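A quick write-up on the structure given underneath.
The values are calculated or read from the model by the stated rules, or taken from the named source; none is laboratory data. Keep in mind it's a predicted model, so treat the numbers as computed, not measured. Using ideal geometry, Cβ is built from the backbone for each residue, glycine included, and neighbour counts are taken over all protein chains shown. Note: accessible area is taken over every heavy atom of the protein model, side chains too, but ligands, DNA and RNA are not part of it. Shrake-Rupley method; radii C 1.70, N 1.55, O 1.52, S 1.80 Å.
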Protein chains: 2
Amino acid sequence: MKNNKDMPIEEHSGPLMADVARLAGVAISTVSRALANPGRVNEKTRAKIDAAAKQLGYTPNAMARGLRVGKSSTVMIILPGSLYYGVSQVIPQVLQSINKALLQNGYTLMIANLGRDAESERHILDLAFGGTVRGVIILSSKLPEVDGRSLANAGLPIVSMLLDMSDAGVPSVVTNDREAVRDATAEMIGMGHRRFFYIAGPRGNYHDVERHAGALEALRDAGIPQDALSLSGGDLDYHEGFEIGIQAAADFARLEERPTAVIATSDDMAISFVSRIQQTGLRIPGDLSVVSFDGAPVCEFCFPPLSTIEQPFEEMGEIAVARLLDAIGQEGREWEPCVVIRSKLILRESMAPFKS
Amino acid sequence: MKNNKDMPIEEHSGPLMADVARLAGVAISTVSRALANPGRVNEKTRAKIDAAAKQLGYTPNAMARGLRVGKSSTVMIILPGSLYYGVSQVIPQVLQSINKALLQNGYTLMIANLGRDAESERHILDLAFGGTVRGVIILSSKLPEVDGRSLANAGLPIVSMLLDMSDAGVPSVVTNDREAVRDATAEMIGMGHRRFFYIAGPRGNYHDVERHAGALEALRDAGIPQDALSLSGGDLDYHEGFEIGIQAAADFARLEERPTAVIATSDDMAISFVSRIQQTGLRIPGDLSVVSFDGAPVCEFCFPPLSTIEQPFEEMGEIAVARLLDAIGQEGREWEPCVVIRSKLILRESMAPFKS
DNA sequence: CGATTTTTGGCAAACGTTTGCTAAACGAGC
DNA sequence: GCTCGTTTAGCAAACGTTTGCCAAAAATCG
């Protein structure tokens, strides 16, 4: 005795729409309409159907639906290689706000991690071209692209977050990295500081380029020569921020003319830098003022409390989602290519007026 | 002139398996077999088919496949309400290791956030019962359950991480919260400390229960009365760790007989506690030793460097995935109900011998 | 009560795969 | 040339929905 021709597996498959129809005593098409289109069916039968569905614990099969309508309702977020930062909760905060906004609109969030390997790129492209996802939020500067297929041609709406990719035609939601650092530097200048030390992220990285430019702009605006800004770092990635700060402290010690103000491109760098610098006997803010980027809450509890530029992760996430859903819904709403949400300098004791 | 009866939408839908078959000059069923079953088709035609697929940029439609075979290849991770912790990178580290392990096995990670609202529960159950996901990793103490449907009955393999839910029949992967705190406390006792201050997480929370019990065990083992352990906290959630630490510092100041050793249930609490305590003039570790839980890297750069119990997030994630995939694959491999991976105490300056 | 509108039922096709089956094509060995 | 074994073609059903269509039923109204 053998199974019927086509026998999938004897899995627990749950009640079907047909079962609901039978129980409610209506046609299967009516059930479908009742569950999807609110209006197309009489209120009374709709209630009957709802009751039947609830009684059976019916849940529509997402794949069957997705296949038929040709759309999924999951959004993919592409995270850069390393999710790990020392102290600032970039990823959790971003995920939290994005997920919340998506949930409210009936979407689900899928995670993809874009490493340097072709395998992870292929995986992402399979998701994009295979109809699994409906839209993409990307936190990486590189669009996945491998043998012919490119995320750009998947026919999916894409929104870039944290990095401005509007030049590449990708709508973006970012913060004002450059201005924020420029203003913070100007603040330092206003406090009398004239020699600066810049602790850099990976060379060529968008954030580092912008923030460095911001610092230089502030000097220029104040008529201070550009070489008043010493540089450290550039070789390590942000997730190695603590190490960058340590190296920066060593670099700093070797300088002849000591700067009096430090601008770090992440809180991690500032924290380890401060720790090492204090061990050499220098005092903050007495000898050296420090400001950094990201706005990690822990900065408040450092010794001394650290000034930092707080990124509006929550708001950026919400706007990125709104923008993506607009694009999915084909709403004609007009967006500027790159939406900028301002960061906010939080002044704490680590920044103080220069005393000669 | 009107569309054909059933006209979905004119979307960019990409090449189909039929297109590949045509280009390769073979039957569609052969293409399907060539792409799935490695062996069932002649090597030469397989190469021809691969070439055709590559040339067209063909990607199989995941939903059609999933519908037909009745299985998806995405795994859902259920995160507790708040993903945000002050300083320890719990979520990113867990996500990173889980995602990596899943990717290597061809699975994709989907995120679900379990809030207190019924809506988020419903959403999760829809994913589980709707065939979208193939397995679940849960970091929350509560299994989603709403009007009749419960995640426990979805017929899906579930693995709990961080919390031991093996009593509820959910296979678990955890660290040894209790022992780790017991050992750290014993270490304090060995250093001569006799009065302790425990900064607690939310009352009744698994981690808090375990860790508190661990501290008490150490006292008992050393013959120290249980009331040598003063308590603070219990009202706020872990994501408000900084606030807990602040309140604890205030509580501490009110004690008559000052403890000399502090055990905090998260690094956040320890950091803000230390910050506030130092403002009152007390010195660490001179007057007070401190140890906390989680192993945030930033602890190394605090003043003084903080002792902390480092959780093996990476390893827990890998094992949780291995275990889940075993369950999915129906592998008969035997697991103990609850796998325990040991945490590691990292001794730093914040812990020092008691000096009267 | 008859005419008109609203709501359902029933049917069937479609979404893009997978898979079992039979028969045909092909190559090799006798 | 014949047989045998391997490989492929071709067909068709199935996965569980959605949706257009038309006719039937029910409700509404004058």
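Sorting B:Lys142, B:Lys54 by accessible area (1.4 Å probe), largest first, what list results? Write down the numbers at each step before the final one.
Values: B:Lys142 95, B:Lys54 125 Å².
Accessible-area ranking of B:Lys142, B:Lys54, largest first: B:Lys54, B:Lys142.
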7 Å along Cα→Cβ, label-point gaps from B:Val340 to other copies, nm, shortest first: 5.6
Shape call, the stretch A:231-300: gyration tensor on alpha carbons, a/c limit 1.5: oblate
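Once you have the alpha carbon radius of gyration of the protein assembly as shown, what is it after dividing by 2.2 N^0.38 Å, with N set to its residue count?
Computed over Cα atoms of the protein assembly as shown, the ratio equals 1.07.
Translational diffusion coefficient, Stokes-Einstein: compute it for the stretch A:247-356 using the Kirkwood radius over C-alpha pairs as Rh, at 20 °C and 1.002 mPa s, and state it as an integer in µm² s⁻¹. The partial results should precede the final answer.
Values: Rh = 16.0 Å.
Translational diffusion coefficient: 134 µm²/s.
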Distance between the stretch B:135-184 and the stretch B:33-88 - C-alpha centres, whole angstrom: 28 Å
For a label point 7 Å along the Cα-to-beta-carbon line of B:Met191, residues of the stretch B:327-356 with backbone N under 20 Å: B:343-356
DSSP bridge orientation in chain B - percent antiparallel, rounded to nearest 5: 10 percent
Å³ per residue enclosed by the Cα convex hull of chain B: 199 Å³
Angstrom value of the Kirkwood radius, inverse mean 1/r, which spans all Cα pairs in the stretch B:293-339: 13.0 Å
Cross-link reach list, aspartates and glutamates versus B:Lys344, counting only Cα pairs under 15 Å and skipping chain neighbours closer than eight places: B:Asp177, B:Glu179, B:Asp183, B:Glu187, B:Asp267, B:Asp294, B:Glu300, B:Glu310, B:Glu314, B:Glu315
Solvent-accessible area buried by pairing B with A, both sides, nearest 100 square angstrom, 1.4 angstrom probe: 5400 Å²
Stokes-Einstein translational diffusion, the stretch A:177-311 - Kirkwood Rh over all Cα pairs, 0.692 mPa s, 37 °C, in µm²/s: 229 µm²/s
Simple label model, 7 Å out from Cα along Cβ direction - B:Gln55 to A:Gln330, nm: 3.3 nm
Debye equation applied to the C-alpha atoms of the stretch A:17-60, log10 I(q)/I(0) at 0.14, 0.20, 0.22 Å⁻¹: -0.23, -0.48, -0.58
Residues whose placed amide H lies under 5 Å from that of B:Leu109, excluding near-sequence neighbours: A:Ile111, B:Val75
For B:Ile138, residues with placed amide H under 5 Å, excluding near neighbours: B:Ile78, B:Val159, B:Ser160, B:Met161
Listed residues B:Ala154, B:Ala24, B:Ala180, most fluctuating in chain B (Gaussian network, C-alpha, under 10 Å): B:Ala24
Among B:Val69, B:Val133, B:Val181: highest mean-square fluctuation, GNM of chain B, C-alpha pairs under 10 Å: B:Val69
Accessible surface of B:Arg283 - all protein chains present, 1.4 Å probe, nearest 10 Å²: 150 Å²
Most mobile listed residue (B:Arg220, B:Arg46, B:Arg203) in chain B, GNM with C-alpha springs under 10 Å: B:Arg46
J(HN,Hα) series, the stretch B:240-252, from Karplus relation 6.51 cos²θ - 1.76 cosθ + 1.60, nearest Hz, glycine and proline x: 9, x, 4, 5, 4, x, 5, 5, 5, 4, 5, 4, 4
Cα-based shape type of the stretch A:64-146, given that a ≥ b ≥ c are square roots of the gyration tensor eigenvalues and the cut on a/c is 1.5: oblate
A:Asn37/B:Arg68 FRET efficiency (R0 25 Å; Cβ-Cβ; nearest 0.05): 0.40
Sites B:Ser356 and B:Glu179, calculated FRET efficiency, Cβ-Cβ separation with R0 25 Å, nearest 0.05: 0.25
Other-copy label distances relative to A:Val209, 7 angstrom Cα-Cβ extension, nm: 5.4
Cα point-scatterer Debye curve for the stretch B:148-214, base-10 log of I(q)/I(0) at q = 0.21 Å⁻¹: -0.92
Point-charge dipole on Cβ atoms (K/R +1, D/E -1) for the stretch B:134-194, about Cα centre, debye to 20: 100 debye
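Hey, any idea what % of the protein assembly as shown's accessible area is carbon plus sulfur with a 1.4 Å probe? The partial results should precede the final answer.
Numbers: 15910 of 32200 Å².
Reported share for carbon and sulfur atoms: 49 percent.
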Net charge of Cβ neighbours under 12 Å - reference B:Ser230; Lys, Arg +1; Asp, Glu -1: -1
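Strictly over 24 Å apart at the Cα level, which of A:Lys44/B:Lys142; A:Lys71/B:Lys100; A:Lys100/B:Lys142 would you flag in this model? Can you show the working numbers first?
Details: A:Lys44/B:Lys142 36 Å; A:Lys71/B:Lys100 27 Å; A:Lys100/B:Lys142 19 Å.
Among A:Lys44/B:Lys142; A:Lys71/B:Lys100; A:Lys100/B:Lys142, the Cα-Cα distance tops 24 Å for A:Lys44/B:Lys142; A:Lys71/B:Lys100.
Would you kindly calculate the mean projected area, averaged across all directions, of the convex hull enclosing the Cα atoms of the stretch B:95-208, in square nanometres? Spell out each step's value before the answer.
Details: hull surface 38.1 nm².
Mean projected area of the Cα convex hull: 9.5 nm².
Can you tell me, using C-alpha contacts under 8 Å and at least 6 residues apart, the relative contact order of chain A as a whole percent?
Numbers: 620 pairs, mean separation 59.3, N = 356.
Averaging sequence separation for qualifying contacts and normalising by length gives 17 percent for chain A.
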